[in-house]
Amino acid sequence: MAIVLGSVTPNSNTLYLTLTTPPLNNLISYHRTNVVFCTQSVFTHGHTLSYSYQRPSSFATIVCSAANKPSPSSEISSTAKIRSEVLSPFRSVRMFFYIAFVASGGLGAFIAITQLVGALANSSRASQVPDIVKGLGIDIAAVSLFAFLYFRENKAKNAQVARLSREESLSNLKLRVDEKKTIPVSSLRGIARLVICAGPASFVTESFKRSEPFTESLLDRGVLVVPFVTDGNSPDLDFEETQELASRRKRLWQLAPVYINEWSEWLDEQKKLAGVPSDSPVYLSLRMDGRVRGSGVGYPPWNALVAQLPQVKGIWTGLLDGMDGRVL
């Protein structure tokens, strides 16, 4: 028998549920106090579901709560703003001077207008009108120019911060390295260049086959592949080559997404921003620092990656770590 009680907190979007069940002997660990408390949170589609479990002597009680919270990807993180300042350290200085020049030009235009009105009202000052009009035109042109430069700079700043914020959201997604180890994408910054293959199982399988001739070269360049299957099927990743080559192939394709819903939400947002149909198979190539280097519809260009990316070992190690090509 189970008893479920629910309540809604006034003026909030939080729902609390209480579930009372008979003892779950196979699921609880016994302590001397015979009472166990545990809490856990589950995040799905922007909602937070949390529950706590309490076991008295005869009944088990589970208290659940669910709350609406905005998706992390829709918020601009402070880390993204800091990274934007680091990548464009003189942007704030330029924007300050643009505003100062606009203010100066606006003040000059205001003074010129008052002088023009006085000159037009006084026939003895009629000879000054051409010079006043000329100065007014220069002031208006300066205000227009620096206002345009400011808004263009501000637009570029907002676009950069939004892109970095999306990349920060990507860095928080989880990857499974093996059966016992799960890490966030950010743990691989400075270590690997990720290539995300997102699409149906057939797309991932074909991408796997096309990467075979470039296995050694991709690994030498720090490339690791994240196969993200969107149709729920299992791709056919055949590692039946020789033992040494099979080990290298497994290393190249060893990562796997964890919490598929979060990956799907992030990917759907990127497709929407890029104007790509939601069912299109795509790839994303990341730089060493976690920024998106390139993306596209279809199979990853393995040969282009090998040709464009420097190796991560040898005498050029460290010097060419940032030479990942143009950032989109």
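Please treat every number below as a calculation from the coordinates, not as lab data. Note that the structure is predicted; figures quoted are calculated from it, not measured. With ideal geometry, Cβ positions are generated from the backbone for all residues, glycine too; neighbour counts draw on all protein chains shown.
Listing for the model above:
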| item | result |
| --- | --- |
| Per-bin percent of Cα-Cα distances, the stretch 123-163 [5 Å] | 5, 20, 13, 14, 11, 9, 9, 6, 6, 4, 3, 1, 0 |
| Simple Cβ-charge dipole of the stretch 78-171, Lys/Arg +1 and Asp/Glu -1, about Cα centre, in debye nearest 20 | 260 |
| Cβ-based exposure ranking for Thr182, Thr215, in which fewest neighbours within 10 Å come first | Thr182, Thr215 |
| Förster-model FRET efficiency, 35 Å R0, Asp289 and Lys181, C-beta, rounded to 0.05 | 0.95 |
| Scattering profile of the stretch 174-308 at q = 0.10, 0.21 Å⁻¹ [log10 I(q)/I(0), Debye over alpha-carbon scatterers] | -0.30, -1.50 |
| Linear extension gain, Ile113 paired with Val258, 0.36 nm per residue minus alpha-carbon span | 45.7 nm |
| Size descriptor, Kirkwood hydrodynamic radius, that averages inverse alpha-carbon separations across the stretch 78-171, Å | 15.8 |
